[in-house]
Structures are given as structure tokens and as C-alpha cells.
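Quick notes on the structure that follows.
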Amino acid sequence: MLKSSSKAICLILAGLTLTACNPTLRTHGYIATKDKPQEVESGTDTKASVLARLGNPSVEGTFDEALETDTWYYMTAVRQRFAYLRPLIEERTITAISFNEDGQVVKVAEYGIEDGQYVNYVDRKTPTRGRELSVLEQVFGTLGRLPTDRIGGQQDVPGGSGGPGGR
């Protein structure tokens, strides 16, 4: 009897351990309901028809004014997460729909995760003048340095000793 209960406990613990390692998939961004952004056709669709079929874009292009085009981006990403590890992007789709000045679709481009590029950020800091103070120097550095010119003498200084009872 004792052996069967210990086997059952071991099986339950093994099952919990295995289910804890299942990945969690989360979809972020634009989720297509019935029409997909890739189905938009250049030359026939307009901004109004794209907006009616797909809804608002994830992002609108900000640097398109010089090119005299307007671009809408519909982005979808699927992230996979294992327990406590950093999430990994399993799938990414970006559909760029470009419009001309009249609002007609000019170009539809689709980009995947393989089209992405890594960008290294520069982490330079602006130097400050003087020396750097430690935490203890900052806390204890003002002890004994009370501003004597603000104690008592001036009455019209905000936060000073002015007011009805200050004289």
C-alpha cells in the first residue's frame, strides 16, 4: 500500500514538472480577424478601404513627408516564453502599405523576422564637471553648513520668516 501511494506522488510530481516546462505563446500587435494585410491590392484599394477592412494600423510612417508617400505598418509578433527565461520572438510579420498623395495604395510589402537587423545602441554618457561624490559624502556633506543668510534676516523670501508672525 505504501509503495503505490509513493508511486502516485512521484507520478504527480513528474507531471507537474513536465507541464511547468511547456512554453507560453503570446501574440502581440495586430491580429487579423478575417482580412489579412497581405490581401490589400495596389492600384485598387484606398486609405478608406484599407481602414474599413483592417482597422487602424499599428504604426504610421513618420519620415514619409519627404518621399511624398504615406506608409501604414501592421505588425504582429509571437513570443515564446519558458518559465523564468527571457522570451524569444518566434515569429514576426510586418506588412507595410504605402499610399500616394491621392490615397491610393502604391505598394504592399511584407517583412518577416529574417529581415530584421540588430541595432547596437551607443551608451555614452555626458561627463559632468567636478568630482563624483560617494553616497556618504552626499548625505553627510551638508552637515554643519546651514545657510545663515536665510535664517531670520530676510522677510520677503518665499519660505522665509515673513508673514504675520515673522516680525
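Here are the numbers:
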{"read-out": "Filter result (touching a residue at least 40 places away in the same chain (Cβ under 8 Å), outside any loop (DSSP other than H, G, I, E, B) and either in contact with a Phe, Trp or Tyr (Cβ under 6 Å, 6 or more places away or on another chain) or exposed (fewer than 14 other Cβ atoms within 10 Å of the Cβ) (or both)) within the stretch 47-74", "value": "K47, A48, Y74"}
{"read-out": "Enumeration of residues in the stretch 75-105 that are out of contact with any helix residue (DSSP H, G or I) (no Cβ under 6 Å at 6 or more places or on another chain), free of Cβ contacts under 8 Å to residues at least 40 places away in the same chain and assigned to a strand (DSSP E or B)", "value": "L88, I89, E91, T93, I94, A96, S98"}
{"read-out": "Matching option when the condition is touching a Leu at 6+ places or on another chain (Cβ under 9 Å), at pLDDT below 80 and over 30 Å from L25 (Cβ atoms), among G152, G160, G130, G141", "value": "G141"}
{"read-out": "Filtered residue count, the stretch 28-42, keeping only those that are under 27 Å from the mean Cα position of the chain (by Cα), touching a residue at least 24 places away in the same chain (Cβ under 8 Å) and surrounded by fewer than 15 Cβ atoms within 10 Å (Cβ to Cβ)", "value": "3"}
{"read-out": "Any hit, the stretch 22-30, residues being of a type in the set (A, V, I, L, M), at pLDDT 85 or above and part of a strand (DSSP E or B)", "value": "no"}
{"read-out": "Total residues in the stretch 78-102, condition surrounded by fewer than 17 Cβ atoms within 10 Å (Cβ to Cβ), touching an Asp or Glu at 6+ places or on another chain (Cβ under 8 Å) and closer than 21 Å to V50 by Cβ", "value": "2"}
{"read-out": "Residue within the stretch 61-84 that is under 23 Å from G116 (Cα atoms), more than 22 Å from the chain's Cα centre (by Cα) and at pLDDT 80 or above present", "value": "yes"}
{"read-out": "Filtered residue count, the stretch 100-131, keeping only those that are of a type outside the set (S, T, Y) and within 27 Å of the chain's Cα centre (by Cα)", "value": "15"}
{"read-out": "Residue count, the stretch 105-126 (criterion: more than 15 Å from E39 (Cα to Cα) and either surrounded by 10 or more Cβ atoms within 10 Å (Cβ to Cβ) or of a type in the set (A, V, I, L, M, F, W, C) (or both))", "value": "6"}
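The values are calculated or read from the model by the stated rules, or taken from the named source; none is laboratory data. It should be emphasised that the depicted structure is a prediction, and the values quoted were computed from it without experimental measurement. With ideal geometry, Cβ positions are generated from the backbone for all residues, glycine too; neighbour counts draw on all protein chains shown.
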